[in-house]
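Presented below is the structure to which this report refers.
We did not get these values from a lab; they are worked out from the coordinates using the rules stated. Just so it is clear, the model here is predicted, and its values are computed rather than measured. Cβ atoms come from the backbone with ideal geometry, glycine included; neighbour counts cover every protein chain shown.
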């Protein structure tokens, strides 16, 4: 059984062919693709794929917290959560980089008055090392 199928079944999602392919694509890419980029890549393999199908499944994966989305000023990108990390968005080349977290805080370690913290999302924006070179 593939890892994608295991993840879908664990989250009580029926592992359809399209869902498996979308999740596998996200699991195997480091580019933090947009829904359109996912559609363009997968339609080569699945000619009957619709943009609606991609959007609906991405929203399902977001709801089940299998993936996270990164909203920049221009677009919405998606990321499979393989490990705890910080996302850095370069405003010049538009790439998103995963930065390791050395001393991160777990959700259950934070107490904010009477609020229950369920998710921490650290997102940085600036200029990457390549674009910042003189």
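When the stretch 1-11 is filtered for residues that are within 18 Å of residue 68 (Cα to Cα) and assigned to a loop (DSSP other than H, G, I, E, B), only 11 remains. Within the stretch 77-97, the residues that satisfy the criterion of being closer than 21 Å to residue 7 by Cβ and surrounded by 14 or more Cβ atoms within 10 Å (Cβ to Cβ) are 77, 78, 79, 80, 85, 87.
Listed here are the residues, each with its yes/no results for (1) in contact with a helix residue (DSSP H, G or I) (Cβ under 8 Å, 6 or more places away or on another chain); (2) under 27 Å from residue 127 (Cβ atoms); (3) not in a helix (DSSP H, G or I).
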site	(1), (2), (3)
25	yes, no, no
32	no, yes, yes
38	yes, yes, no
54	yes, no, no
78	yes, yes, yes
83	no, yes, yes
